[in-house]
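Report on the structure given below.
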Amino acid sequence: MIPILSAAAAQWVGRATSVLVESLLRRGSDLDSSEAQAAVERLATLPTEAGFVLNVIWLLRLRALLARAQGEKSPYRDYRERYRKMATELGFEGQMAWANAMP
């Protein structure tokens, strides 16, 4: 059985994954894109406490960035809009600013 991460521990995993994924996407090689995708999938399967929204919001952002980097316009727009909506609903000002800066 895989232990569930506490919110205190899990809050840093989403942020660290974001830094990694954004760095990989900036480098831009095919291998970097594959590694970024794998990092996002690891975050998506991370067991957390029920109702923990931080990983969800990070996943929306990262999936939008991946879709954009891969030229997938429709999925990009969908993830971006879902990210904007969630950031606004939660009142996460930093996330709102990042979401609104996405073209």
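The values are calculated or read from the model by the stated rules, or taken from the named source; none is laboratory data. Every value quoted in this text rests on a predicted model; they were computed, and no experiment measured them. A quick note on method: Cβ atoms are made from the backbone with ideal geometry, for glycine too, and the neighbour counts reach across all protein chains shown.
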Without any contact (Cβ under 8 Å) to a residue 24 or more places away in the chain and either out of contact with any Phe, Trp or Tyr (no Cβ under 7 Å at 6 or more places or on another chain) or of a type outside the set (G, A, S) (or both): does that describe A8? yes
Any residue in the range 53-66 that's more than 10 Å from Q11 (Cα to Cα): show its pairings with residues that are in a helix (DSSP H, G or I) and β-branched (V, I, T) at Cβ separation under 6 Å, as long as the two are six or more apart or on different chains. L62/V21; L62/V40
Hits in the range 38-55 (condition: under 19 Å from R82 (Cα atoms) and buried (at least 17 other Cβ atoms within 10 Å of the Cβ)): V40, L43, F52, L54, N55
Check whether at least one residue in the range 27-39 is of a type in the set (K, R) and under 16 Å from the mean Cα position of the chain (by Cα), and report yes or no. no
Pick from the range 11-50, criterion among the polar types (S, T, N, Q) and without any contact (Cβ under 8 Å) to a residue 40 or more places away in the chain, ranking: nearest to L62 (Cα to Cα): Q37
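This table checks each residue for (1) at pLDDT below 95; (2) on the phi > 0 side of the Ramachandran plot; (3) more than 14 Å from the chain's Cα centre (by Cα).
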residue	(1), (2), (3)
L46	yes, no, no
L62	no, no, no
Y83	no, no, no
M86	no, no, no
L90	no, no, yes
Would you confirm whether any residue within the range 64-74 is surrounded by fewer than 18 Cβ atoms within 10 Å (Cβ to Cβ), at pLDDT 95 or above and in a helix (DSSP H, G or I)? yes
